[in-house]
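The values are calculated or read from the model by the stated rules, or taken from the named source; none is laboratory data. What you see is a predicted model; the values in this text were computed from it and never measured. FYI the Cβ positions are ideal-geometry reconstructions off the backbone, even for glycines, and counts take in every protein chain you see.
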Amino acid sequence: MALSFRQTEILALARSEGRVVVESLAERFGVTLQTIRRDLTELSDAGLLDRVHGGAILRSGVSNIGYEERRSLHDAAKAAIGRACAREIPDNCSMILNIGTTTEAVARELVQHRQITVVTNNMNVANILVANPSCDIMVAGGALRRADGGLVGDLASQFMQQFKVDFGVIGISAIDQDGDLLDYDLSEVRVSETIIRQSRQVFLVADASKFSRGAPVRLGNLAGIDAIFTDAPLPPALMKLCAEAGTAVHVADPAA
């Protein structure tokens, strides 16, 4: 399928935000709602988007945003989240950091921490923390995912089972309206499930764009997380869920 200029822009927006809305697109491009619906139908027929009520999302399980693109998206928000999360992690502790550009932002804020042990299945996290001479780094085995430096699969899960740490810091691809944590890769989720089980406290780091994205694989729920670090107030339903479950909510200011 040869995409029109408008369809190319719509696809780029979907990759950036995870979801596009018919009314917003019509206003953005100055066309009718019917024109946008036709564009979305054609993109869906081409296997690039999935139609949902009121708009479309990236095709589940296929079109996760590429690592380099994710790295540059919401970088100020991720940096602020990393600072906020690192402030809650003391010296002289142990932790596991999983795959993700936001967990990498946390790692950058841990370079000055003293006497910490970091277990990770993220090669980028390990490389960042090499700069901290007071950090012991344990890197999981497993299948290397060249796209983002992640180590996944049964070997990575088995490695994580050898530890019981003070903190598990995890990133996620999407958060559903009912609080479910969602990702794209089942093998990655299996490792993250192990991280949650092996951590005394679990911190979720996720910028606000994750509240409007979708992904096909479930990794627990916000109610089972000790704290979430994000850069904007949670939607009311999620805020209520966190209040009822005792999940602490930390909202970092990217401008601070």
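Brief remarks follow.
- Where residue 210 falls short, out of the listed (1) in contact with a Cys (Cβ under 7 Å, 6 or more places away or on another chain); (2) part of a helix (DSSP H, G or I): (1)
- Set side by side, the residues 155, 151, 186 differ, and just one is surrounded by 22 or more Cβ atoms within 10 Å (Cβ to Cβ) and at negative phi, which is 151.
- The set of residues from the stretch 4-41 being part of a helix (DSSP H, G or I), under 25 Å from the mean Cα position of the chain (by Cα) and of a type in the set (Gly, Ala, Ser) comprises 12, 14, 16, 24.
- Comparison of 107, 126, 131, 86 shows that the only residue that is within 26 Å of residue 211 (Cβ to Cβ) and surrounded by fewer than 23 Cβ atoms within 10 Å (Cβ to Cβ) is 86.
- Residue match in the stretch 90-104 (condition: at pLDDT 95 or above, part of a loop (DSSP other than H, G, I, E, B) and buried (at least 20 other Cβ atoms within 10 Å of the Cβ)): yes
- In this structure, residue 81 does not qualify as of a type in the set (Val, Ile, Thr), modelled with pLDDT under 80 and surrounded by 16 or more Cβ atoms within 10 Å (Cβ to Cβ).
- Lone unmet requirement of (1) over 26 Å from residue 76 (Cα atoms); (2) in contact with a Ser or Thr (Cβ under 8 Å, 6 or more places away or on another chain) for residue 222: (1)
- Residue list for the stretch 89-115, restricted to those being more than 15 Å from residue 126 (Cα to Cα) and either β-branched (Val, Ile, Thr) or under 22 Å from the mean Cα position of the chain (by Cα) (or both): 89
- One residue stands out among those in the stretch 158-183 that are touching a Leu at 6+ places or on another chain (Cβ under 9 Å) and surrounded by fewer than 19 Cβ atoms within 10 Å (Cβ to Cβ): the one that is nearest to residue 15 (Cα to Cα), which is 176.
- Residue 14 being touching a residue at least 40 places away in the same chain (Cβ under 8 Å), buried (at least 16 other Cβ atoms within 10 Å of the Cβ) and aliphatic (A, V, I, L, M): yes
- Filtered by the rule that a residue be at pLDDT 95 or above and within 12 Å of the chain's Cα centre (by Cα), the stretch 173-191 gives a lone residue, 181.
- Tally, over the stretch 239-256, of residues that are out of contact with any strand residue (DSSP E or B) (no Cβ under 6 Å at 6 or more places or on another chain) and in a helix (DSSP H, G or I): 6
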